[in-house]
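Have a look at the structure below, then the notes.
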Amino acid sequence: LQLSTAAMRLDAQTVSTLLQSNPGIHLDEDTTNAAFRAVVNAVDRAEARDQPIPPTVPQMLHHIFDADLQHLLTREKITKNVTCMMPQTEGLTTHGLNYVFDDGEHKNLPLEEGRKCEDGNCCDKCSRNIFPTFAQEDEINFDTYPGLNTLTFNELEKVSAATIIQFMRLIERVRRTMAHEYGLDLKTLLPLQAYSRKYVAGTTQKGGGGGEGDFVTLHTDEATHGGYHYSCVIYLSTQGEDFQGGDFVFNDPKDPDAPAEDFRHMSLEEQLRRTGRKLTPFHPTRGAAVIFSSGWENMHEV
């Protein structure tokens, strides 16, 4: 009761003291969410009065973010460990290196085991993880957080404080999950790019950063940006209810011992896409997340 009262009063110092002196207690989900609402209200009041944000707000947010991870770790997670891969470093021509940026030939890039991890801090563990309930329904409610599904940091003038702080809450959950999954120091994980993107049938995507489009071609995140080492996609809508299509597909070399498949009923383009490959689709559901290492072991498309 004392911890709950302190959290909802944004008494971050008392919360810190109680958590440190009593390792067996923690912020439960109801208390964490109540504290988050108190943070949003405090920011709204400060904004309305044109006053500085109280210093207890960022302090309390740290406790909320840490509690969010602990709650997430009690939910379902589906993990597949994979061998880290990177472009072959020997015997590759300059032309061959261009395959990293050639959509059609990306899957043919000669690879070897290891992490490229240019200018970054990576571990030697690679994986792909699915969290069916990464975000709860009330955390991605567009009535409570208007504009959450279209947010970019380039256009925040008309976005409510609640939406911005909730977006940051989800990003911090991603950071802490990656640090936990890959054994990394949290302060080494910088969100280089974070935005909400929508896909519109019949349109062609023009660049990243929230550009519209009805598909994403086969690619490797670390090839598109040297600073991408770990990736996450959080879904704010459900396939079959809010949209059709949209599978997130991991695209791997096919096991040479796997039985042959009959592609004759498919288009030539689709036959070329599938030949020699194993496609593993994830069907998006609202609140789910896919978190994975960004190297060539996790080529993917939408």
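The values are calculated or read from the model by the stated rules, or taken from the named source; none is laboratory data. It should be emphasised that the depicted structure is a prediction, and the values quoted were computed from it without experimental measurement. Please note: Cβ atoms are built from the backbone with ideal geometry, for glycine as well, and neighbour counts cover all protein chains shown. Ligands, DNA and RNA are excluded from the accessible area calculation, which covers all protein heavy atoms including side chains. Shrake-Rupley method; radii C 1.70, N 1.55, O 1.52, S 1.80 Å.
Within the stretch 47-80, the residues that satisfy the criterion of being in contact (Cβ under 8 Å) with a residue 24 or more places away in the chain, within 18 Å of Asp11 (Cα to Cα) and β-branched (Val, Ile, Thr) are Thr56, Val57, Ile64.
Of the candidates Asp30, Asp44, the single residue that is surrounded by 12 or more Cβ atoms within 10 Å (Cβ to Cβ) and either without any contact (Cβ under 8 Å) to a residue 60 or more places away in the chain or not hydroxyl-bearing (Ser, Thr, Tyr) (or both) is Asp44.
Just give me the residues in the stretch 178-208 being within 23 Å of Asp247 (Cα to Cα) and modelled with pLDDT of 95 or more, in sequence order. Within the stretch 178-208, Met178 is the sole residue that qualifies. Tallying residues that are within 31 Å of the chain's Cα centre (by Cα) and assigned to a loop (DSSP other than H, G, I, E, B) within the stretch 10-29 yields 8.
Applying the condition of being part of a loop (DSSP other than H, G, I, E, B) and closer than 13 Å to Ala42 by Cα to the stretch 54-77 and asking which residue is least open to solvent (accessible area, probe 1.4 Å) yields Pro54.
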